[in-house]
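Where a number appears in this text, it was derived from the coordinates with a stated rule and is not lab data. Remember, it's a predicted structure, so these values are computed and weren't measured experimentally. Ideal geometry is used to build each Cβ from the backbone, glycine not excepted, and the neighbour counts take in all protein chains shown.
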Amino acid sequence: MLFRSRLCAFVVASLLGISPVLAFQEKAPDLSGTWTGKFSVVSQGEKEEGAYVILKQTGTDLSGSVGPSAERQQAINKGAVVTSKDGTAVTFDTGRPGHVISFELKLVDGKLKGTAKDEFYPDNKITVDLQRAK
């Protein structure tokens with residue numbers, strides 16, 4: 001009987017200790033779907049290009065494709081979605097060996113915004129602004 005009461009006390013204490021941690025964990029939004037917008041590339045001048053991104057989210061894993069249009073798509077590699085008290089961050093790569101483009105985006109007011117780095121053109125500064133397609 002003493003063991004049972006100690007076990008119950010331990011379980012209750014453990015749950016009370018964990019509950020504040022659980023309360024601060026954010027639920028990750030589902031980013032699956034089509035996103036459109038623009039890529040702005042600054043190198044020696046500024047150039048805007050269309051952006052068309054198809055995302056498939058399974059838990060924290062992200063797959064899909066990205067490109068300037070629905071017809072010109074490349075597969076997403078190493079995609080991840082992380083949600084914390086600071087918001088939701090999205091990272092993924094696309095391209096081929098020697099020409100990988102790495103994306104770092106944040107969900108801000110329903111839009112995915114951030115930057116991309118092109119290893120083949122490291123001096124290019126690329127900003128990304130996407131919204132869900134209607």
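What the table below lists for this structure:
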quantity: Percentage, to the nearest whole number, of Cα pairs in segment 33-132 over 15 Å apart; calculated: 61 percent
quantity: Estimated FRET transfer efficiency when R0 is 25 angstrom, pair Val100-Asp30 (beta carbons, to 0.05); calculated: 0.40
quantity: Table column - 3J(HN,Hα) (Hz), segment 83-99, Karplus curve with 6.51, -1.76, 1.60, x for Gly and Pro; calculated: 10, 9, 5, 8, x, 10, 10, 10, 10, 6, 10, 8, x, 9, x, x, 8
quantity: Lys117-Gln44 FRET efficiency (beta carbon distance; Förster radius 25 Å; 0.05 resolution); calculated: 0.90
